[in-house]
Amino acid sequence: MFTACVTLVLIVAGALVTSNDAGLSVPDWPTSFGSLYKIPRMVGGVRFEHTHRMVAEFVGLLTIILAVWTWRTERRRWMKILGIAALGTVIAQGILGGITVLHYLPPAVSSAHAALAQTFFCIAVVIALFTGRQFVEEVPQVELDTRRPSLITLTLLSIFVLYVQLILGAMFRHHGLSWWPHVVHAGVVCVVLTWTAVRALSLYSKIEAVRRPAITMLALMITQLCLGFVAFLTRVAWGHDAAQPELPMVISTVAHVAVGALLLATAVILAIQVWRHVPVAFEERIPARTRKPVAV
């Protein structure tokens, strides 16, 4: 849980770097102004970029501890693999961050860096969920899902559209794409997430493990839409001619990124809980050639 919380802080720190146009304030990597350990003067954009790097190093250290601890103590093999996956993801994230600096912020690499950060956050949240006492000790309240599309399909679709929205938003912030694909796709996200949450709450509200993330996802989606509208106004409508990023734009954009990370992680948790508590009911079909005729 601590690693997941620090990772959210790291996402906020990264959003502050991008929103303040501070990506190249520290022009070298992996050193900072030629040093691996000296803290530079924290002025201008350097305070955002170098703080981001220090938080990233701390998250890397936490991930190493988490991976080793999981590998040594966990009896579930898939949890050991998940711990190693977290370590591999954070290493790849650091490399992408370095490439971003060394190649002067290419939009594709910078967007991949942002997307992978949210992926790692989801992995950290999932590890916290799987190691929680409630998840380990509770007996699943199983209710079969007979509807089509199934709820698990809707939750996976929710994750997919959120991930697409994340990439579109990152491309827009890193000047690799116009604003309109991100805004148009927000409508798709709204429809899919509302469909998923309403289905979960209308049919399976008695299952607390499903009800809580469904309500949270719906609340975060509404919050995200409001923050997205404010961010659009401050960045596109009002701030497109600003000489430097203004405070309202920075605050709204950073909050938009942070809530987006929480929304994606909540959708992942909902999918896991639906998979556990609401399995799909498969109708048993008898081949026609094996059926016996019925006398009338």
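Classification of region 125-211 by its C-alpha gyration tensor yields an oblate form. The axis ratio a/c (a ≥ b ≥ c) is 1.5 or more, and b/c is at least a/b. Once you order the gyration tensor axes a ≥ b ≥ c over the Cα atoms, which shape class does region 53-158 get: rounded for a/c under 1.5, otherwise prolate or oblate by comparing a/b with b/c? Oblate is the answer for region 53-158, as a/c is 1.5 or above yet b/c matches or exceeds a/b.
Highest-first packing order for the peptide set 37-43, 179-185, 120-126, 51-57 is 120-126, 51-57, 179-185, 37-43, based on the mean count of other beta carbon atoms within 10 Å.
Full extension of the chain between residue 163 and residue 9 yields a length gain of 53.5 nm, computed as 0.36 nm times the residue separation minus the alpha carbon distance.
When the charge dipole of the chain is built from unit charges on Cβ atoms (+1 for Lys and Arg, -1 for Asp and Glu) and taken about the Cα centre, the candidate among 188, 103, 255 whose Cα reaches farthest toward its positive end is 188.
Computed FRET efficiency, Cβ-Cβ of residue 78 and residue 54, R0 45 Å: what is it to the nearest 0.05? Computed FRET efficiency for residue 78 and residue 54 comes out at 0.90. Taking every DSSP helix (H) stretch of at least 4 residues in the chain, weighting each as -39,500 (n - 2.57) and dividing the sum by the residue count yields a mean residue ellipticity at 222 nm of -24500 deg cm²/dmol. Using a cut-off of under 18 Å, list every residue of region 220-240 whose amide N is near the label point 7 Å from the Cα of residue 183 along the Cα-to-beta-carbon line. 224-240, by backbone N distance to the label point.
Take the Cβ-Cβ distance between residue 104 and residue 223 as r, set R0 to 51 Å, and report the resulting FRET efficiency rounded to the nearest 0.05. According to the calculation, E is roughly 0.90.
Rounded to the nearest 20 debye, the dipole size of region 142-282 about its Cα centre is 380 debye, using +1 on the Cβ of Lys and Arg and -1 on the Cβ of Asp and Glu.
No lab work stands behind these numbers, since they all come straight from the coordinates. Owing to the predicted nature of the structure, the values given are computational and were not obtained by experimental measurement. A quick note on method: Cβ atoms are made from the backbone with ideal geometry, for glycine too, and the neighbour counts reach across all protein chains shown.
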